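Below is one structure, written out as structure tokens, with a few remarks after it.
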Amino acid sequence: MSRENANWVEKLRIFYTEYRSEFIFGALLTGAVVLSYALSPLIPEKIFRRYLSPAMNCAIFVSCALGAWLLFRHNSGMRIRLMSAVTMVVWAVLTFIAILLKATMYNNSLDAATGLLSMDGWEYVLGNIFGWLLLIYPTELLRPGWLNFKRSVLQLLPVLIVGMLDGLLDTDLRWLLAAYPFVLLAYIGSNIRAYRNYCEENYSSMEDIDAQWIVRYLIMIIILGASFCFLSIAHFPTRIFTQQWLLFFIITYSNEQILFRPDPWRDVQKYDAQWEQENLTSNETEQPLMVQQPDDAASIIGQSESVQLLEQWMETEKPYLNKDFRLTDMMKILPMNRTYLSQLINNEFGCNFYQYVTTYRIKEAKRLMRANPTAKMQQIAEQSGFSSTTVFGRVFARETGMTPSEWCAQFDNT
């Protein structure tokens, strides 16, 4: 195998290791959807219309209403939770309207969703709008403050224009409407790397802020969109059951995740504002660091002293043993702007803050395993600063090329 091919194989292996749980999650959910579509025609249509479909709509309504209430109640001033709560309110209202339509206009016919799906072209317009509502959360998380009223209108305007053209022209433009949500998904997904870099530049633990959850969320939206496209072709009424339980699952699962996940941007930005305010009122004229003036001899000397002080603090105080250790904690030792401190680590050690701290944690874990070969991995993970045994095993394998158990066995053999 050539070196280039070997590099690609290694990149694919690392990618699979990083997102293995997301691959498994997507495969299981896709399998459940396919199985549901295969079995749904076996449901008696009369039972589905009278009992099953109304029950699923009620479950979606309750999930949306309860999620909105919890998010409003526990928003903690977080814009992302407020936006998610408003989204859940909109979903609850739309679902309630569907329930009313079912109880009145569609009493002895197909439910409201089937009626909408029979409208040429406009089912895709409605699907785009509903899908856009579900994309508000990842958009706000990956690019906080970017989505406003103007940009929302610009995102939905192509959908409305193409929908009207599809009704006016003889040309079938539904494929454009079906493809448009995936364009939005691609744009949102392109920001995942920047989000992940930001987190790794400021946090030593990715617990509850990792990009994996966003990947999983987007996988759910892709499956929901693909299911909707298939449903638009296959008009068998009971197939709507798959779309209903899938939507219920996404809303319920997402509300639980959003409610307990912190906003990684909020705390850091608040600390930046506090730091700038304190330093603006200070009379100190000393420039924070050499990163601004790399050619200046005095700056280079100051940079060397800062690096030495930082490494001494990491070796003696071992702040990395705290799983909640952040870049802002370093500012207590090196009182400089967070951006300069991040650049210092990148320039001097060739890695970001997360990777820099991980090297110390791996080093500590190796020391502990050498000192006590019979220790449990959970104990080693906790004592070396990792948030969990799973994270410890994944990071250790990525950094060393072997699992902790394999490393211990190799050490024992030598």
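Just so you know, all these numbers are worked out from the coordinates, no wet-lab data involved. Small disclaimer: the values here were computed from a predicted structure and weren't measured. Note: ideal-geometry Cβ built from the backbone for every residue, glycine included; neighbour counts use all protein chains shown.
Hydrodynamic analysis of the stretch 296-413 uses the Kirkwood radius over alpha carbon pairs. Inserted into Stokes-Einstein at 37 °C and 0.692 mPa s, it gives a translational diffusion coefficient of 213 µm²/s.
Relative protection proxy for 209-215, 350-356, 41-47, from highest mean packing down: 209-215, 350-356, 41-47 (other beta-carbon atoms within 10 angstrom). When only the Cβ of Lys, Arg, Asp and Glu is charged (+1, +1, -1, -1), the dipole of the stretch 163-285 relative to its Cα centre reaches about 680 debye. Full extension of the chain between Tyr198 and Glu399 gives 70.3 nm of extra length, using 0.36 nm per residue less the Cα-Cα distance. Assuming R0 = 25 Å, can you tell me the calculated FRET efficiency for the pair Val93 and Leu160, based on Cβ-Cβ distance, to the nearest 0.05? Here the calculated transfer efficiency is 0.80. Beyond 29 Å, the tail of the calculated P(r) for the stretch 3-267 holds 37 percent of the Cα pairs. Residue-wise HN-Hα couplings along the stretch 243-253, as the Karplus relation 6.51 cos²θ - 1.76 cosθ + 1.60 with θ = phi - 60° gives them from phi, are 5, 5, 6, 5, 5, 4, 5, 4, 5, 5, 5 Hz; Gly and Pro carry x.
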